[in-house]
1. Kindly establish whether Ala164 is loosely packed, with under 13 Cβ neighbours inside 10 Å, in contact with a helix residue (DSSP H, G or I) (Cβ under 9 Å, 6 or more places away or on another chain) and farther than 29 Å from Tyr73 by Cα.
2. Looking at the structure I just gave you, is Pro176 touching a residue at least 12 places away in the same chain (Cβ under 8 Å), farther than 22 Å from Phe49 by Cα and not in a loop (DSSP other than H, G, I, E, B)?
3. If you go through region 150-168 one residue at a time, do you hit one that is within 30 Å of His65 (Cα to Cα), part of a strand (DSSP E or B) and in the same structural domain as Leu71 (by TED's automatic domain parsing)?
4. Taking region 190-232 as the search range and keeping residues that are basic (Lys, Arg) and surrounded by fewer than 20 Cβ atoms within 10 Å (Cβ to Cβ), which one is nearest to Tyr142 (Cα to Cα)?
5. (1) of a type outside the set (A, V, I, L, M); (2) within 30 Å of Lys70 (Cα to Cα); (3) surrounded by fewer than 14 Cβ atoms within 10 Å (Cβ to Cβ); (4) modelled with pLDDT of 95 or more: which one isn't true of Glu135, the others all being true?
6. Would you check if there is a residue in region 27-38 being small (Gly, Ala, Ser), farther than 30 Å from Gly228 by Cα, modelled with pLDDT of 60 or more and not assigned by TED's automatic domain parsing to the domain that holds Arg187?
7. Give region 116-132 a look and list any residue that's assigned to a strand (DSSP E or B) and either under 23 Å from Ile231 (Cα atoms) or modelled with pLDDT of 95 or more (or both), or say none.
Amino acid sequence: MGVEMAEKEKERTGTAEKRKKGHAREIAEAVVIALILALIIRTFLIQAFKIPSGSMEDTLLVGDHIIVSKLSYGLQVPKPAMIKILGTTVPFFETRLSRTWGGVERGDVVVFRFPGDRSKDYIKRVVGLPGDRVELRDRKIYINGERWDERFGVNKGGAYGEEAEKSVSFGPYTVPDGAVFAMGDNRDRSYDSRYWGPVPIEDIKGKALIIYWSWDRDSRWVRFGRIGDIIK
């Protein structure tokens, strides 16, 4: 009788352990699947970004959190690249805009890899397309000799030295093939293509779509009126 009881207890213990292992395995599989889906979504579909500076005021404010569509212009394809980590250059994979089906348009707000440091992402507005002749005269933008009738730019002052000069006049500059000329809407306080040159189209990560959250760090309050705004 005692032997039979012991065997039954052992059987129950074994069944319980199997259930625990099975449950742990299910959780692990769910976590792995969720991570893979998140990676796929972030790599190929959408990505969230936070606005850290005022270079895109008044379109985007410091503390705005935005969603960027990575499918607006084409398919982002992983390609080998090199990046510096703690002063050491190491290989890794980054996505590049490879197969395109939607052309970048003048006026689009885009996120791209900063040409001066590919580990950083910048957000600016496309002003010049390949082959365009871009010029700034008396703070007004001219494309191919004609004034661009745009409503985005603001001049809030605060620039100095070379920045002050290029916020008033610049160019003419012809945008090379396979690239765009990008500028911040806050023209006096934007470090953009006027200073470091054009943006390769393949380095564009996507088009800014919507503000999904906005936090005013000065007043420490949510900007409820900006949540859900479409970025134009």
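The values are calculated or read from the model by the stated rules, or taken from the named source; none is laboratory data. Not measured: the values here are computed from a predicted model. Neighbour counts are summed over all protein chains in view; Cβ atoms, including those assigned to glycine, are modelled from backbone coordinates with ideal geometry.
1. In short, yes.
2. Considered against the rule, which asks whether it is touching a residue at least 12 places away in the same chain (Cβ under 8 Å), farther than 22 Å from Phe49 by Cα and not in a loop (DSSP other than H, G, I, E, B), Pro176 comes out as no.
3. Scanning region 150-168 turns up at least one residue that is within 30 Å of His65 (Cα to Cα), part of a strand (DSSP E or B) and in the same structural domain as Leu71 (by TED's automatic domain parsing).
4. Going through the qualifying residues, I end up with Lys232.
5. Glu135 satisfies all of (1) of a type outside the set (A, V, I, L, M); (2) within 30 Å of Lys70 (Cα to Cα); (3) surrounded by fewer than 14 Cβ atoms within 10 Å (Cβ to Cβ); (4) modelled with pLDDT of 95 or more except (3).
6. yes
7. Selection gives Lys120, Asp121, Tyr122, Ile123, Lys124, Arg125, Val126, Val127, Gly128.
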